[in-house]
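Novice: I am attaching a structure below and will ask some questions about it afterwards.
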Amino acid sequence: MKKIFVLFTLLIVTLSCHEDFDDNSVLTPKVDFNFTHNWDDTAINSSNLETETVTNANGEVINISSIRYLVSSFQLTNLAGETYSFEGYNLTDLAIEDSYNFIPEINNIPTGTYTLKFVWGFNEEDNIDGQYQDLNTANWSWPEMLGGGYHFLQFDGMYNVDTTNPLPFNFHNGTARVSEGVFEQNFAVIQLDTPITITNNTTIEVKMNLAELFTNPNTWDLNVLDTDLMPNYQAQKMMQQNIMSVFSIGEIAQ
Amino acid sequence: MRHWLIYCFVFSILLGCSSEDAKQDNTYVPIPYQLDIPVLFQNKLIDPIIPIDNQLTVEGVALGKRLFFDNILSVNNTKACVSCHSPQNAFTDSNQFSVGVTNTSGSRNSMPLFNMAWNFDDRYFWDGHALGLEQQALEPVIDAIELGNDSWEPVEAKLNNHPEYPQLFKQAFGTSTITKTLVTKAIAQFERTLISGNSKFDKFSNGEVTLTAQEQNGLSVFMDESKGDCFHCHGNPNNPLWTDNKFHNNGLDATFSDLGLGQVTGNPNDNGKFKSPSLRNLAYTAPYMHDGRFTTLDEVIEHYSTGLQPSSTIDPLMKKVGQGGVNLSTQDKADLKAFLLTLSDPSFINNPAFIQQ
């Protein structure tokens with residue numbers, strides 16, 4: 001008799017859920033992420049990536065050739081302190097607009113007000129050399145001699161393009177090599193405190209101000225640090241510091 | 001008992017139908033072809049791309065192979081695909097420029113053919129103008145200085161009047177009416193089977209052999225951003241394709257006589273960009289670069305070391321262009337070459353499945 005009561009209760013609950021869906025309100029909305037990019041006030045996308053001329057905080061005039069970056073370990077935490085983690089990672093290539101969207105495989109969470117946290121690159125646990133076939137295929141590995149795993153960022157272009165002697169820069173970020181065979185984790189946890197209210201299926205815009213890579217706290221002088229930055233410990237740690245102010249929450253589309 | 005009678009009746013009708021269908025249709029179902037994917041590729045790379053409308057079959061691959069080696073595709077029956085894509089040269093041409101039916105040379109070096117099912121952007125030719133292997137194969141047949149036909153119609157006619165080809169197409173594609181679409185589908189099927197994954201370095205990656213100290217140092221030069229920095233465009237031990245299959249201006253010229261990708265896209269930022277070729281099988285694929293300007297690997301290494309030419313679209317990865325290149329030491333150049341030669345796969349160029357029997 002008890003069992004029948006339990007089953008009956010379950011049936012009622014299930015039916016009520018169905019009614020909710022019929023009312024078009026969602027108990028566990030789907031959440032995905034859309035990365036947009038700008039250089040201060042100028043939007044950067046696939047159509048102007050290679051044509052826009054921008055100036056960094058140190059005054060170098062820059063043309064961009066390509067930008068790719070990796071983000072992972074997305075988490076939304078609500079006001080009660082409950083955290084919902086999303087599996088997967090996203091490799092964004094600014095030349096390919098489809099890659100701006102990160103849609104986790106399982107992305108249902110309860111309605112509520114949240115803040116977003118994610119990892120720039122891979123954390124130590126995830127940054128396993130050769131582990132991810134899609135990233136291997138995308139030529140995204142970080143050399144074993146520098147600690148292995150994967151790049152977090154590849155940002156290539158020319159600077160001093162307003163002079164007769166423009167020069168290349170390769171602003172690449174990943175694990176930091178302290179000395180031969182000694183490595184230091186170099187990922188960054190990006191915690192964005194802007195509250196995100198989720199009442200329905202939601203796309204969260206994450207804005208990336210590329211100019212900030214060269215701005216805070218380290219005003220980047222490309223004349224000094226332009227190439228061969230991957231094995232340069234100081235440059236790698238400066239990038240890790242500068243990445244903290246690059247991202248912000250944009251539009252919440254529901 | 002009555003039930004049994006009904007079952008027998010229905011069964012006999014079904015049998016009658018199926019035998020009647022077989023007589024009318026006479027459809028041969030081709031056998032699915034399983035690609036022989038190296039374990040290293042299975043571990044490191046995502047699955048190869050096979051178009052949904054051109055799945056590999058045993059009959060399709062065999063037909064494609066026969067067509068690849070058959071002079072029937074040329075206007076005067078003197079040249080075939082293999083004339084410029086020789087198996088001994090990892091399916092490229094040892095000549096700087098290939099010579100077609102008119103004895104006229106082209107202006108670019110023939111591209112080697114292997115591991116194309118892992119070319120995920122699916123763009124072919126040095127300038128990437130063909131989307132898909134099937135599209136690529138349409139061109140040489142009607143290129144005046146390659147196989148020399150004015151159009152595909154006479155080629156289709158020759159094949160349709162051939163004593164054997166209609167039956168082979170019937171078995172591979174279910175129709176004996178031969179069209180250019182089916183010809184290129186068959187050739188593309190064969191080309192997708194051209195997999196090279198058994199070089200010394202592959203065996204090293206699989207833990208089967210060791211590298212010499214020189215080869216090991218050459219790998220370090222290859223992977224060191226402060227030295228060769230080859231890996232940003234040409235793969236790494238985790239990407240055994242040894243190419244990014246992208247387009248770059250690698251500093252060959254200050255001005256361009258051949259615009260490359262720029263000619264295709266119309267975007268001046270793409271001028272002078274050409275596809276990164278795989279470094280696999282370099283031992284067999286000389287001469288090098290899109291125009292075959294370098295006859296030896298030493299010349300190629302010297303180009304990146306001291307020969308870079310600045311231009312408006314030079315890839316920023318050619319970072320030492322101001323100093324002419326990465327200025328490798330004599331020892332590092334020799335070691336880099338030793339490493340590059342470990343990417344050669346003799347079992348590929350000698351594979352009986354890829355050679356005319």
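Novice: Do we find that A:Ile96 is within 14 Å of chain B (Cβ to nearest Cβ), at pLDDT 95 or above and more than 18 Å from the chain's Cα centre (by Cα) in this structure?
Specialist: Working: within 14 Å of chain B (Cβ to nearest Cβ): yes; at pLDDT 95 or above: yes; more than 18 Å from the chain's Cα centre (by Cα): no.
In short, no.
Novice: Out of the residues in the range A:211-254 meeting the condition of being out of contact with any Phe, Trp or Tyr (no Cβ under 8 Å at 6 or more places or on another chain) and of a type in the set (Asp, Glu), tell me which one is farthest from A:Ile190 (Cα to Cα).
Specialist: A:Asp228
Novice: Which residues, taken from the range A:120-147, are more than 20 Å from B:Ile46 (Cβ to Cβ) and either among the basic types (Lys, Arg) or within 9 Å of another protein chain (Cβ to nearest Cβ) (or both)? Step through it out loud before you land on a result.
Specialist: Step one: list which residues in the range A:120-147 are more than 20 Å from B:Ile46 (Cβ to Cβ), which gives A:120-121, A:123-125, A:143-147.
Those that are more than 20 Å from B:Ile46 (Cβ to Cβ) and either among the basic types (Lys, Arg) or within 9 Å of another protein chain (Cβ to nearest Cβ) (or both): A:Pro143, A:Glu144, A:Met145, A:Leu146.
Novice: In the range B:131-163, which residues are closer than 23 Å to B:Arg108 by Cα and in a helix (DSSP H, G or I)?
Specialist: Step one: filter the range B:131-163 for residues closer than 23 Å to B:Arg108 by Cα, giving B:131-151.
Within the range B:131-163, B:Leu133, B:Glu134, B:Gln135, B:Gln136, B:Ala137, B:Leu138, B:Glu139, B:Pro140, B:Val141 meet the criteria.
Novice: Further question on the same structure: Quick one: how many residues across the range B:109-130 are away from chain A (no Cβ under 14 Å), of a type in the set (Gly, Ala, Ser) and not in a loop (DSSP other than H, G, I, E, B)?
Specialist: Qualifying residue count for the region: 1.
Novice: Look through the range A:148-191, keep the residues that are more than 9 Å from chain B (Cβ to nearest Cβ) and charged (D, E, K, R), and return whichever of them is farthest from A:Phe74 (Cα to Cα).
Specialist: Checked the range A:148-191; the qualifying residue farthest from A:Phe74 (Cα to Cα) is A:Asp162.
Novice: Separate question: Taking the residues in the range B:38-73 that are in a helix (DSSP H, G or I) and within 14 Å of another protein chain (Cβ to nearest Cβ) as candidates, determine which candidate is nearest to the chain's Cα centre (by Cα). Spell out how you get there, then give the answer.
Specialist: In the first step, residues of the range B:38-73 are kept if they are in a helix (DSSP H, G or I); the result is B:39-44, B:58-68, B:71-73.
Adding the requirement that they be within 14 Å of another protein chain (Cβ to nearest Cβ) leaves B:39-44.
Details: B:Val39: 20, B:Leu40: 19, B:Phe41: 16, B:Gln42: 19, B:Asn43: 21, B:Lys44: 20 Å.
Checked the range B:38-73; the qualifying residue nearest to the chain's Cα centre (by Cα) is B:Phe41.
Novice: Condition (residue is assigned to a loop (DSSP other than H, G, I, E, B), modelled with pLDDT of 95 or more and either in contact with a Leu (Cβ under 8 Å, 6 or more places away or on another chain) or of a type outside the set (A, V, I, L, M) (or both)) applied to the range A:233-241: is it met by at least one residue? Give the derivation first.
Specialist: So in the range A:233-241, the residues assigned to a loop (DSSP other than H, G, I, E, B) come out as none.
Scanning the range A:233-241 turns up no residue that is assigned to a loop (DSSP other than H, G, I, E, B), modelled with pLDDT of 95 or more and either in contact with a Leu (Cβ under 8 Å, 6 or more places away or on another chain) or of a type outside the set (A, V, I, L, M) (or both).
Novice: Suppose we filter B:Lys185, B:Lys170 for residues that are touching an Asp or Glu at 6+ places or on another chain (Cβ under 7 Å), among the charged types (D, E, K, R) and closer than 20 Å to B:Thr57 by Cβ; which single one remains?
Specialist: On the way: B:Lys170 fails: touching an Asp or Glu at 6+ places or on another chain (Cβ under 7 Å).
Answer to the check: B:Lys185.
Here is a yes/no grid of residues against (1) over 26 Å from B:Ala80 (Cα atoms); (2) touching a strand residue (DSSP E or B) at 6+ places or on another chain (Cβ under 8 Å); (3) more than 14 Å from chain A (Cβ to nearest Cβ); (4) among the β-branched types (Val, Ile, Thr):
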residue	(1), (2), (3), (4)
B:Gly251	yes, no, no, no
B:Phe256	yes, no, yes, no
B:Gly260	no, yes, yes, no
B:Phe274	no, yes, yes, no
B:Glu302	yes, no, yes, no
B:Gln323	yes, no, no, no
B:Val326	yes, no, no, yes
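The values are calculated or read from the model by the stated rules, or taken from the named source; none is laboratory data. Since the model is a prediction, treat every value here as computed from it, not as a measurement. With ideal geometry, Cβ positions are generated from the backbone for all residues, glycine too; neighbour counts draw on all protein chains shown.
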